[in-house]
Amino acid sequence: MVDHPPAIFVVFGATGDLFNRKLAPAFFKMYQSGWLSDAFAVVGIARKPKANEEFREQVKHAVQTHSRGISATKLESFLPHLFYHQTHFDEDEGFETLRELILFLDKEFHTQQNLVFYLATLPHQFHSISSKLKKHGLDKTNGFCRVIIEKPFGKDLQSAALLNRQLSDVFSEEQIFRIDHYLGKELVQNLLITRFANDIFQHPWNNKFVDSVQIMVAEQTGIQNRGTYYEKAGVLNDMVQNHILQLVALTAMDAPKSLDAKDIVTEKIKVLKQLHSSNRKGNNVVVLGQYRQGTVDDKPVVGYREEKDVDPYSNVPTFAALRLEINNKTWKGVPFYIRTGKRMPKNSARIWLDFKSKTKPLFQNLSQKIHSNHLEFRIQPDEGIALFFNVKVPGRKLEIKPYHLDFCHECEFALNTPEAYERLLSDCLHNDKTLFTSWEETRYAWKVLEPIKHICEHTVTECPTYLAGTWGPKEADELIEKDGRTWHAPKDYTGGKNGAY
């Protein structure tokens, strides 16, 4: 039986969207699943005055809105562990009273002075919060003290380095947990298992057998009232620097010496050091785009420039397509095509490995097309893995039909799969940093992205636009078609059923 450490979670930004949609449901599901002992408390901190009971009602509503399989009895026993503390993040008085509240809760819930601070705030507030924690002695306890921070980790390499120095003035690298929720998704973790626990996939996972790799993270939503943030970030900072490059690193990394976090990080860093935008005889290797007014799910939606808090003349991109290469022995010559954007036809995050085709001479007289083999990882939704190959249709005539073998994650494991934030919060409790991002990874990810941003700043005077509800601007199709390839379209599956496609 796993021993779950007691702790007090202190969440800065507890009235925000992240807390209500993700963190509050995650804390409850951890409690309901037995991932939290009864020796815990959650303190929500924000600037708005609010009583404990009002905060508990807020959390109850968030859990009921964003969770499935709720036990009403468990929810009622969960709520008394929640407390609210009102303060401005730069005021000494609020941190002094916070210290007193933590001391009280430690005695009340026997948490052994274990503290986890979660900074669900804007990055520019990290320094103020962490320095106040240090000033009032909240960074040192008789138990453990850890801090979780959300992306984005700076706006460029220089600001990320400054942010890291500021946090390092208070917390050691061992105490800092940089969260990237994509790493907590089950199918991202399953990527490593599929690769390294199955010889059938491990041996052909290189440039001898793989023709190309595609990674797509598509979002139906727009910027969701985050115009102020998105105007500063754009798609490259918001998605590529963190989620996308982490998926590239996990897809391309060599086998680590062990499953220890440090060994996995070492291999990911090796990939990031060798990753770069390819230079194809002057052809574009980066395409940016911005959604304009269109239709998503048969509903009209506004364009990016009509969104709240967005400059009506903004040139900030909401879409990016990139062609990357990895300059190492394993992957040299294999293009990694990246596509991500907002206001696309559906939510879909997937990885495709297209294998090289060597069957043409044998079937050159066949009138129909022989489909290339590929392996698909569906990260979300409809999590699963599918292998695509060709089979013969019964009969005297030689007719070949593409087919797929499919593993459906939810069909096999139903609702027992923890959400990403549940897993990551639990890992932080257990001091497991395998699925968190180290400073070195962050640093090298910025080193990959900065030359790409430089190319964009000097070549893109006006973002191409694309209709909301489509897969991006036509220039993105041209980027991959110049190599004689096309983008994969995310197909829908009847969960767990193998068959033609």
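The values are calculated or read from the model by the stated rules, or taken from the named source; none is laboratory data. Source: prediction; values computed, not measured. FYI the Cβ positions are ideal-geometry reconstructions off the backbone, even for glycines, and counts take in every protein chain you see.
Candidates 237, 206: the one that is among the polar types (S, T, N, Q) and assigned to a helix (DSSP H, G or I) is 237.
Each residue in region 49-76 was checked for being outside any helix (DSSP H, G or I), closer than 19 Å to residue 9 by Cα and not aliphatic (A, V, I, L, M), and 1 of them qualify.
The residues in region 90-112 that are in contact with a Ser or Thr (Cβ under 9 Å, 6 or more places away or on another chain), crowded, with 18+ Cβ neighbours inside 10 Å and not in a helix (DSSP H, G or I) can be counted, and the count is 0.
If you go through region 304-330, how many residues are surrounded by fewer than 19 Cβ atoms within 10 Å (Cβ to Cβ) and either not assigned by TED's automatic domain parsing to the domain that holds residue 231 or not polar (S, T, N, Q) (or both)? Residues in region 304-330 being surrounded by fewer than 19 Cβ atoms within 10 Å (Cβ to Cβ) and either not assigned by TED's automatic domain parsing to the domain that holds residue 231 or not polar (S, T, N, Q) (or both): 8 in total.
Listed here are the residues, each with its yes/no results for (1) under 28 Å from residue 273 (Cα atoms); (2) buried (at least 17 other Cβ atoms within 10 Å of the Cβ).
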| site | (1), (2) |
| --- | --- |
| 444 | yes, yes |
| 452 | yes, yes |
| 466 | no, yes |
| 469 | no, yes |
| 473 | no, yes |
| 476 | yes, yes |
| 479 | yes, yes |
| 483 | yes, no |
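In region 164-181, what residues are part of a helix (DSSP H, G or I) and crowded, with 21+ Cβ neighbours inside 10 Å?
Within region 164-181, just 167 meets the criteria.
In region 151-175, the residues that are touching a residue at least 60 places away in the same chain (Cβ under 8 Å) form Cβ pairs under 7 Å with partners that are assigned to a loop (DSSP other than H, G, I, E, B), at six or more places apart or across chains, as follows: 151/180; 160/153; 160/154. Pairing each residue of region 329-346 that is in contact (Cβ under 8 Å) with a residue 40 or more places away in the chain with any residue that is in a loop (DSSP other than H, G, I, E, B) and among the aliphatic types (A, V, I, L, M), provided the two are 6+ apart or on different chains, yields C-beta distances under 6 Å for 343/468.
Within region 218-234, take every residue that is outside any helix (DSSP H, G or I) and of a type in the set (A, V, I, L, M) and give me the one that is surrounded by the most Cβ atoms within 10 Å (Cβ to Cβ).
So the first thing to find is which residues in region 218-234 are outside any helix (DSSP H, G or I), and the list is 218-226.
Remaining after also requiring of a type in the set (A, V, I, L, M): 218, 223.
Working: 218: 20, 223: 23.
This residue is 223.
Have a look at 101, 75, 105, 79 and point out the one that is touching a residue at least 60 places away in the same chain (Cβ under 8 Å), of a type in the set (A, V, I, L, M) and in the same structural domain as residue 17 (by TED's automatic domain parsing). Step by step, each of 101, 75, 105, 79 is checked, and only 105 is touching a residue at least 60 places away in the same chain (Cβ under 8 Å), of a type in the set (A, V, I, L, M) and in the same structural domain as residue 17 (by TED's automatic domain parsing).
Taken over region 183-203, residues that are touching a residue at least 12 places away in the same chain (Cβ under 8 Å) and outside any helix (DSSP H, G or I) amount to 1.
Among the candidates 445, 468, which residue alone is under 30 Å from residue 192 (Cβ atoms) and modelled with pLDDT of 90 or more?
Numbers: 468 fails: under 30 Å from residue 192 (Cβ atoms).
Matching residue, one of 445, 468: 445.
Return the residues of region 147-163 that are assigned to a loop (DSSP other than H, G, I, E, B), within 30 Å of residue 381 (Cα to Cα) and of a type outside the set (Gly, Ala, Ser); say none if nothing qualifies.
Going residue by residue through region 147-163, those that are assigned to a loop (DSSP other than H, G, I, E, B) are 150-156.
Adding the requirement that they be within 30 Å of residue 381 (Cα to Cα) leaves 150-155.
Within region 147-163, 150, 151, 152, 153, 155 qualify.
Can you pull out every residue in region 1-14 that is modelled with pLDDT of 90 or more, in a loop (DSSP other than H, G, I, E, B) and more than 18 Å from residue 423 (Cβ to Cβ)? Once the filter is applied, which keeps residues that are modelled with pLDDT of 90 or more, in a loop (DSSP other than H, G, I, E, B) and more than 18 Å from residue 423 (Cβ to Cβ), region 1-14 yields 6, 13, 14.
Within region 261-282, one or more residues are in a strand (DSSP E or B), surrounded by fewer than 17 Cβ atoms within 10 Å (Cβ to Cβ) and assigned by TED's automatic domain parsing to the domain that holds residue 440.
Report yes if residue 295 is at pLDDT 90 or above, in a strand (DSSP E or B) and either farther than 30 Å from residue 373 by Cβ or not assigned by TED's automatic domain parsing to the domain that holds residue 467 (or both), otherwise no. Against the criterion (at pLDDT 90 or above, in a strand (DSSP E or B) and either farther than 30 Å from residue 373 by Cβ or not assigned by TED's automatic domain parsing to the domain that holds residue 467 (or both)), residue 295 qualifies. Which condition does residue 488 not pass, out of (1) under 22 Å from the mean Cα position of the chain (by Cα); (2) at pLDDT 85 or above; (3) assigned by TED's automatic domain parsing to the domain that holds residue 375, if it passes all the others? Every listed condition holds for residue 488 apart from (3).
Take region 235-277 and flag every residue that is of a type in the set (S, T, N, Q) and either without any contact (Cβ under 8 Å) to a residue 12 or more places away in the chain or under 17 Å from residue 351 (Cβ atoms) (or both).
Our first condition is that a residue be of a type in the set (S, T, N, Q); within region 235-277, this holds for 237, 241-242, 246, 251, 258, 266, 274, 277.
Answer for region 235-277, where residues must be of a type in the set (S, T, N, Q) and either without any contact (Cβ under 8 Å) to a residue 12 or more places away in the chain or under 17 Å from residue 351 (Cβ atoms) (or both): 242, 246, 251, 258, 266.
In region 16-49, how many residues are crowded, with 18+ Cβ neighbours inside 10 Å and more than 17 Å from residue 109 (Cβ to Cβ)? So the count comes out to 11.
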